[in-house]
Amino acid sequence: MGLNIPLILQRCRRFSAFLLAGSLLAACAGNPDSSGINDPFEPTNRKIHAFNKGVDRAFLGPTSKGYGGVVPEPVQRVVGNVANTLDLPGDIVNNVLQLRLADAGQNTLRLATNLTFGIGGLFDFSSAIGLEGKPTDFGETLHVWGVGEGPYVELPLIGPSTVRDTIGMAVDIAFDPVNAILPEDEATAALVVSFLSRLGDRDRFSETVDSILYDSADSYAQARLLYLQNRRFELGQEGGTTGAAGATDDGFIDPYEDPYAE
């Protein structure tokens, strides 16, 4: 009997997610300082941030500009639509785990609409008729279950996160319904589509991202502040992080706001 390599890899990935969750959940303890920031790993985080900046400067930034310059905008939009449609099954699962059944129903209807009238997700027909998505992730599911965000961390090649969101990301990847349903080749193609979509985002928001990474006096502190503030806003948490002047900022600053939106 031959070895089922994809199945073995999938089980190893799931087991790794359990190990990561078990080892990191304990780290969700700890209190933020007076600025609302819990960053006991700052020295290590700053080294990872410097590494990520180097990767962005040498590879991700130039590659995204090349992608944006070569691939026509309508094609980039189609890639983004497909990537968003591929995210919907995971959103639905997390909606159900959060007991937000109305959101699960809306995302299910959105998925069905885009797969049919949107020709397999090539077009975002559901948004065109006013059926907006309810994006979520397992990090939010943990928040709903009462798990604290834990210390701030910066992940290699990924960027700002928290311990809770890192666990959530690992679980989302390991148990992605799309990977479980699609054959191996199609699952790989879905991963490529997701990567190209991220490249398109990096190019579209390059002015803002470059400002944070290369024009800030302290790009690490700036990225950390924006991530924590915006993530807490997404989760509906009261309050925000505190600025340098000591005043609490409850507002939402979207560093990736579409510059072409009216």
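The values are calculated or read from the model by the stated rules, or taken from the named source; none is laboratory data. Just so it is clear, the structure is predicted and the values come from calculations on it, not from any experiment. Cβ coordinates were reconstructed from backbone atoms using ideal geometry, including for glycine residues, and neighbour counts include every protein chain displayed.
Residues are listed down the side, and each one gets a yes or a no for (1) basic (Lys, Arg); (2) touching a residue at least 60 places away in the same chain (Cβ under 8 Å); (3) in a helix (DSSP H, G or I); (4) within 23 Å of residue 219 (Cβ to Cβ):
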site: 58; (1), (2), (3), (4): no, no, yes, yes
site: 74; (1), (2), (3), (4): no, no, yes, no
site: 80; (1), (2), (3), (4): no, yes, yes, no
site: 88; (1), (2), (3), (4): no, no, yes, no
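May I ask you to say which residue of 246, 236 is part of a loop (DSSP other than H, G, I, E, B), at positive phi, of a type outside the set (Val, Ile, Thr) and modelled with pLDDT of 55 or more?
The match here is 236.
Could you say whether any residue in the range 206-217 is at pLDDT below 50 and β-branched (Val, Ile, Thr)?
no
Which one of 48, 92 is of a type in the set (Val, Ile, Thr), closer than 30 Å to residue 216 by Cα and surrounded by 13 or more Cβ atoms within 10 Å (Cβ to Cβ)?
Only one candidate qualifies: 48.
So how many residues does the range 108-157 have that are without any contact (Cβ under 8 Å) to a residue 60 or more places away in the chain and either on the phi > 0 side of the Ramachandran plot or not polar (S, T, N, Q) (or both)?
29
For the range 196-231, how many residues are of a type in the set (D, E, K, R), in a helix (DSSP H, G or I) and within 17 Å of residue 61 (Cβ to Cβ)?
7
Working carefully through the options 66, 90, 80, find the one that is closer than 22 Å to residue 149 by Cβ and small (Gly, Ala, Ser).
90
Does the range 143-150 include one or more residues that are more than 14 Å from the chain's Cα centre (by Cα), in a loop (DSSP other than H, G, I, E, B) and crowded, with 22+ Cβ neighbours inside 10 Å?
Yes, the range 143-150 contains at least one residue that is more than 14 Å from the chain's Cα centre (by Cα), in a loop (DSSP other than H, G, I, E, B) and crowded, with 22+ Cβ neighbours inside 10 Å.
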